[in-house]
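The values are calculated or read from the model by the stated rules, or taken from the named source; none is laboratory data. Since the model is a prediction, treat every value here as computed from it, not as a measurement. Every residue, glycine as well, gets a Cβ built from its backbone with ideal geometry; the counts of neighbours run over all protein chains shown.
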Amino acid sequence: MNKNINPPIIPMEDNRTGLSVETLKRAILDNLFYVQGKFPAIATPQDYYRAVAYTVRDRLLQHWFNTSETYLKENVRIVAYLSSEFLLGPHLSNNLINLGINEAVCQAVTELKSDFPNIPDFAEILEIEEEPGLGNGGLGRLAACYMDSLATLEIPAISYGIRYEFGIFDQEIENGWQKEITDKWLKFGNPWEIVRPEAEVKVKWGGHTEPYFDENGRYQVKWIAHKEVKGIPYDTPILGYKKYTANTLRLWKAEAVECLNFSIFKAGDYFDEVQDKVDSENLTKILYPNDDTCFTPQPLRLEQQYFFVSCSLQDIIRLHLKYKGSLDTLHEKFTLQLNDTHPAIAIAELMHLLVDEHHLEWEQAWDITTKTFAYTNHSLLPEALERWSIRLFQSLLPRHLQIIYEINYRFLQEVALKYPDDRDRLRRMSLIDETGDRYIRMAHLASVGSYAINGVAALHTELLKEEVLQDFAQMYPEKFSNKTNGVTPRRFLLLSNPKLADLISQKIGEDWINNLEELRQLESFVDRPDFCQKWRNIKLSIKQELAHYIEQEKGIKIDPYSLFDIQAKRIHEYKRPHLNVLHIITLYNKIKANPDIDITPRTFIFGGKATPGYFMAQLIIKLINSVADVVNNDPDVRDRLKVVFLKDYNVKFAQRVYPAADLSEQISLAGREASGTGNMKFAMNGALTIGTFDGANIEIREAVGCDNFFLFGLTEEEVYALKASDYNPWYYYHQNSYLRHAIDQIGYGFFSPQDPELFRPLLDNLMTSDEYLLLVDYGFYIECQERVSQAYRDLENWTKMSILNVARIGKFSSDRAIREYCQEIWHVEPVTVEPKNYL
Ligand code: 26W
């Protein structure tokens, strides 16, 4: 007769923080019931996703509170990362990984399914989350990777940005053309953010300034603004991987100060009153979908930039004065990173706040300012360099214009002192571009007002110092440094490629997740046939999953054994997706010329959004889809080539394709891609790279070994020389019959029989200017692709190269990049947060 009749008491874990499967199940039902007000039988998949989201969020909150409390208690130095874009990606999966409860929550959901069959399965729940697409591409995603590393490295940090109501558009493809769909990511609300109305700030603009002398006879300037809005902060916890540090992402939303003052009502002009409210809230309505492409000086864009910068600086000054001390030590407690020039107005805004609001002397204010800001440049493209018209500044920010004039006046005095009688240098370096309408050069303001300036890859930083910011590099050489980009291995390997991550951890343990250089241990497995077989099986199974997904999505059957050749990035001519298309057409023509040709079967996968209004990019998307229709349906091809344009390239999409790639296309014209970060993510997942001597490609090739990288094309110097010596694309057209054939087919409607003239603009562009030198690099590219096809036939050797790419990719972790920023720019130390239960 068993003695203990009553089962052992399992101490009831706290519903809000317990991590056992039982507690998680109870917590999910609790959140469904008490937060959503739903009971299982009627709950929708969306409700269940949110119940799981709240359950996971509950387990973040204590770390979040601990972190903020620790930072305040220990009076730490904090990094503030100012960015107009954050491409975060889905939160749920990432937080499950960083909390280390992925399996437990998966188990909890699976077990709940037996009681409540209408609960979606775990994978479906992860799919439901609308990702916050608050960014365009590289710059926005880099900011998100850096936040993951800052928290994982336990660096005190706050990231500031804009809470766009509508993020980057969703992309549909209709009849081969991109169609932009509004991104209603907040339709079901966002369980990961907490609004902080108590921390609202006011932002003003417009109006005029009035000089006056204060009670001590000091010259002061009063800014009588014409418009004012409220900035409401929404905070999102950013937890480090298996750390107790949860930093804060503070995104600002604009709201009308006074929603309605009824006095006007009586006067009956109701609409103006409401108009003002609408205008105010329009401010943070939508993300500008243009990146790197033609900076279009829309006033609303400057308003958005000034809005979040002013909110953030007021917030930082409030924090500093409340917890840390007086303003003269601001630069000791805070260092502010400008993510490109988009937040550069912050330099003038801090001067305005210090001089006009807090009445510091100009010199002291400038000393603090120039010790507070650091600036990262992400693009050399002239059309990406922001410059605002004086006229717009005069109307929107009259006081800031005065301040910028004063900064410029004092700066040019300094230049004249250092370089006497060099009028041309003064003209070149001035913050004001005196041509045409007269403009403010935001990159110059950022460079003069910052103590550190960096590029995002070695070549890019060199070109920055030799070209765009040459004069500043001569004047302030000590400010310049390179910080080659990095990506987080948590989201882009551990989370998006669990099979490969498991195999790696089985062999070398899990330290690589926090210290990616540990992957180098994999080098010793390249000659282990069993390991290589497992490596190949994993890649194949992931390719089979993607093939299944593509068949479902597009109805196109692809061969998982074919070489998966992937180009996924924003569509821009300098990234040359149309060079990739020229290769596809060349292969197609070789098959048409001899259907029995022994060709390495390939599946070409494209993904990428084009900036609305960027016609050539839109036309390239149409070309890819048009070539796909011909190649995919031509019986002679016998399924040896397949071309797929997958719509709506975003972070979720990226997590699906990086692990499935055999070949990563990084084929930008040398000297144009500042760094690239997709190149790092592909290599981290075992893809081999075909690429030019550009951006971070150069450093990836250096790290993985030139035998494990397919390099082709002109170098930046050769590009420079060729462009200087009147390059004639026709020479290459006549010189290469395959090129000529492909160009003619595009130009004369072979891929657009119903509209033969359709791609004429592309042809004209290539045959007149070919600004991105496709025709000269075509020959080298085709040769290189032939080498790739040969290499892929030797699967053993290909596997070795794939393993070596992963083994040697350690440098490209965002942890390494952030460690460099901390040691060489921000001079900030990690702070350990001790776990403590609040309740
Ligand atoms: C038109 C206004 C504009 C201009 C430039 C909007 C956005 C930009 C960004 C700087 C463009 C961008 O995302 N640049 C990319 O930044 C990545 C992160 O450093 C680099 O890896 C890419 O090479 C670079 O193109």
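Quick notes on this one:
- Residues in segment 447-472 that are outside any loop (DSSP other than H, G, I, E, B) and surrounded by fewer than 20 Cβ atoms within 10 Å (Cβ to Cβ) were compared, and the one that is nearest to the ligand (Cβ to nearest atom) is 458.
- Test: residue in segment 325-333 that is of a type in the set (Gly, Ala, Ser), in contact with a helix residue (DSSP H, G or I) (Cβ under 8 Å, 6 or more places away or on another chain) and at positive phi: yes
- Pair list, Cβ < 7 Å and 6+ apart or interchain, from segment 33-51 residues that are over 15 Å from residue 113 (Cβ atoms) to residues that are among the basic types (Lys, Arg) and in a helix (DSSP H, G or I): 36/50
- Residue within segment 232-242 that is surrounded by 12 or more Cβ atoms within 10 Å (Cβ to Cβ), farther than 30 Å from residue 833 by Cβ and aliphatic (A, V, I, L, M) present: no
- Checking every residue in segment 360-367 against the condition of being on the phi < 0 side of the Ramachandran plot, without any contact (Cβ under 8 Å) to a residue 24 or more places away in the chain and surrounded by 20 or more Cβ atoms within 10 Å (Cβ to Cβ) gives at least one match.
- Any hit, segment 76-83, residues being modelled with pLDDT under 95 and within 30 Å of residue 313 (Cα to Cα): yes
- Unique match (being charged (D, E, K, R), surrounded by fewer than 24 Cβ atoms within 10 Å (Cβ to Cβ), on the phi < 0 side of the Ramachandran plot and within 33 Å of the chain's Cα centre (by Cα)) among 422, 433: 433
- When 92, 126, 139 are checked against the criterion of being under 30 Å from residue 832 (Cβ atoms), part of a helix (DSSP H, G or I) and hydrophobic (A, V, I, L, M, F, W, C), 92 stands alone in meeting it.
- Positions within segment 740-798 being among the charged types (D, E, K, R) and in contact with a strand residue (DSSP E or B) (Cβ under 9 Å, 6 or more places away or on another chain), in sequence order: 787
- Residue 54 away from the ligand (no atom under 16 Å from the Cβ) and part of a helix (DSSP H, G or I): yes
- Sole residue being among the small types (Gly, Ala, Ser) and closer than 19 Å to residue 131 by Cα, chosen from 189, 231, 240: 189
- Only one of 135, 189, 100 that is in contact with a Leu (Cβ under 8 Å, 6 or more places away or on another chain) and either within 25 Å of residue 246 (Cα to Cα) or within 16 Å of the ligand (Cβ to nearest atom) (or both): 135
- Of the strands (runs of 3 or more DSSP E) contained entirely in segment 592-707, not one carries at least 3 residues that are within 16 Å of the ligand (Cβ to nearest atom) and in contact with a Lys or Arg (Cβ under 6 Å, 6 or more places away or on another chain).
- Checking residue 439 against (1) within 16 Å of the ligand (Cβ to nearest atom); (2) surrounded by fewer than 22 Cβ atoms within 10 Å (Cβ to Cβ); (3) within 26 Å of residue 310 (Cα to Cα); (4) within 26 Å of the chain's Cα centre (by Cα), the condition it does not meet: (4)
- Residue that is farthest from the ligand (Cβ to nearest atom), among those in segment 282-324 that are among the β-branched types (Val, Ile, Thr) and over 23 Å from the mean Cα position of the chain (by Cα): 317
- Being in contact (Cβ under 8 Å) with a residue 12 or more places away in the chain, within 30 Å of residue 168 (Cβ to Cβ) and charged (D, E, K, R) is a description that applies to residue 545.
- Filtering 551, 523 for residues that are surrounded by fewer than 17 Cβ atoms within 10 Å (Cβ to Cβ), touching a residue at least 12 places away in the same chain (Cβ under 8 Å) and acidic (Asp, Glu) leaves a single hit, 523.
- Test: residue in segment 176-184 that is away from the ligand (no atom under 16 Å from the Cβ), among the charged types (D, E, K, R), in a strand (DSSP E or B) and farther than 25 Å from residue 70 by Cβ: yes
- When residues of segment 325-345 are limited to those that are farther than 19 Å from residue 72 by Cα and among the aliphatic types (A, V, I, L, M), the one nearest to the chain's Cα centre (by Cα): 338
- Single unsatisfied condition, residue 59 versus (1) outside the structural domain of residue 335 (by TED's automatic domain parsing); (2) of a type in the set (D, E, K, R); (3) under 22 Å from residue 487 (Cα atoms): (3)
- Counted residues, segment 71-89 - those being within 28 Å of residue 375 (Cα to Cα) and not in a loop (DSSP other than H, G, I, E, B): 9
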